[in-house]
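Q: Have a look at this one.
The values are calculated or read from the model by the stated rules, or taken from the named source; none is laboratory data. What you are looking at is a predicted structure, and each value in this text was computed from that prediction instead of being measured. FYI the Cβ positions are ideal-geometry reconstructions off the backbone, even for glycines, and counts take in every protein chain you see.
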Amino acid sequence: MANLDLPVIPEHVAIIMDGNGRWAKQRGLPRTIGHNKGVETVRETVRAAGEAGVKYLTLFAFSSENWSRPESEVEDLLGLLRRFIRRDLADLHRENIRIRIIGERENLRSDILPLLLEAEETTRNNTAMTLVIAFNYGSRNEIARAVAKIAKEVQAGSIKPDEVSPEMISERLDTADIPDPDLIIRTSGEERLSNFLLWQAAYSEFVFLPCYWPDFDRQQFHDALRIFASRDRRFGGLSQLTTTAVVG
């Protein structure tokens with residue numbers, strides 16, 4: 001474990017890996033090169049998270065909106081996912097890392113779904129860290145699917161409308177067995193969630209970094225953990241540092 005000398009390490013870190021294309025454009029390279037470099041960053045980040053003691057690492061790998069990109073780029077991204085799973089699955093399994101996939105699986109391409117299922121099944125009993133890959137993921141779609149499940153249960157009479165609670169929704173999300181993220185990091189200088197973990201991020205801390213994802217390294221990951229450790233998390237209650245303010 002990395003010796004960060006921090007008072008607290010987030011149990012769950014989620015990352016919006018943004019800026020591969022712009023990193024490549026800045027260097028006069030094809031976007032594909034940026035995506036390839038981004039996969040190298042994924043490997044380094046997984047190692048850094050495990051060494052730091054993070055128990056859950058969620059990576060926004062492919063959004064449900066990414067299908068609208070040019071077909072050639074979509075194929076490149078899917079090819080990278082295939083190679084990552086085929087090349088890295090054995091190493092992740094050997095390191096006792098569990099893989100979880102979140103996102104819409106209905107009508108997912110037949111050359112992709114079996115790979116995702118294999119990764120989950122192979123590593124399902126691992127306990128060192130859980131690597132959550134958000135693939136074909138959109139938070140609004142996830143919430144809509146959860147609400148639809150509850151609506152069917154109400155229609156069937158198994159629950160009453162006035163029994164519906166936030167906890168019920170959480171239990172029907174793709175992340176039902178995963179704690180909400182303590183820290184969400186986004187690279188590239190953009191400061192928005194982009195339809196990522198909208199429900200789960202209710203009390204997350206955010207760190208926005210100006211670097212593009214391929215330039216994100218262990219030092220910047222550690223810096224984000226230090227920023228998190230310096231935050232006073234109140235969850236709507238009184239400050240842990242002072243009781244002079246109720247909100248803010």
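Q: Looking for whichever is touching a residue at least 24 places away in the same chain (Cβ under 8 Å), part of a helix (DSSP H, G or I) and out of contact with any Gly (no Cβ under 8 Å at 6 or more places or on another chain) here; the options are 34, 50. Which one fits?
A: 50
Q: Next question. Checking the structure you have, find out if any residue of the stretch 101-111 is touching a helix residue (DSSP H, G or I) at 6+ places or on another chain (Cβ under 8 Å) and farther than 29 Å from residue 146 by Cα.
A: No, the stretch 101-111 contains no residue that is touching a helix residue (DSSP H, G or I) at 6+ places or on another chain (Cβ under 8 Å) and farther than 29 Å from residue 146 by Cα.
Q: Still on this structure: Condition test on residue 34, is it surrounded by fewer than 16 Cβ atoms within 10 Å (Cβ to Cβ) and either modelled with pLDDT of 95 or more or among the small types (Gly, Ala, Ser) (or both)?
A: no
Q: If you don't mind, there's one more thing I want to ask. Taking the stretch 94-132, which residues are at pLDDT below 95, under 19 Å from the mean Cα position of the chain (by Cα) and acidic (Asp, Glu)?
A: The one that is at pLDDT below 95, under 19 Å from the mean Cα position of the chain (by Cα) and acidic (Asp, Glu): 104.
Q: Which one is surrounded by the most Cβ atoms within 10 Å (Cβ to Cβ), of the residues in the stretch 72-92 that are over 19 Å from residue 123 (Cβ atoms) and within 18 Å of the chain's Cα centre (by Cα)?
A: The selected residue is 77.
Q: Assigned to a helix (DSSP H, G or I), under 13 Å from the mean Cα position of the chain (by Cα) and closer than 28 Å to residue 202 by Cβ: is that true of residue 42 in this structure?
A: In short, yes.
Q: Still on this model: Hey, does the stretch 52-71 have a residue that's more than 17 Å from residue 194 (Cα to Cα), of a type in the set (Gly, Ala, Ser), over 15 Å from the mean Cα position of the chain (by Cα) and buried (at least 17 other Cβ atoms within 10 Å of the Cβ)?
A: yes
Q: Looking only at the stretch 141-161, which residues are in contact with a helix residue (DSSP H, G or I) (Cβ under 8 Å, 6 or more places away or on another chain), assigned to a helix (DSSP H, G or I) and not β-branched (Val, Ile, Thr)?
A: 141, 146, 161
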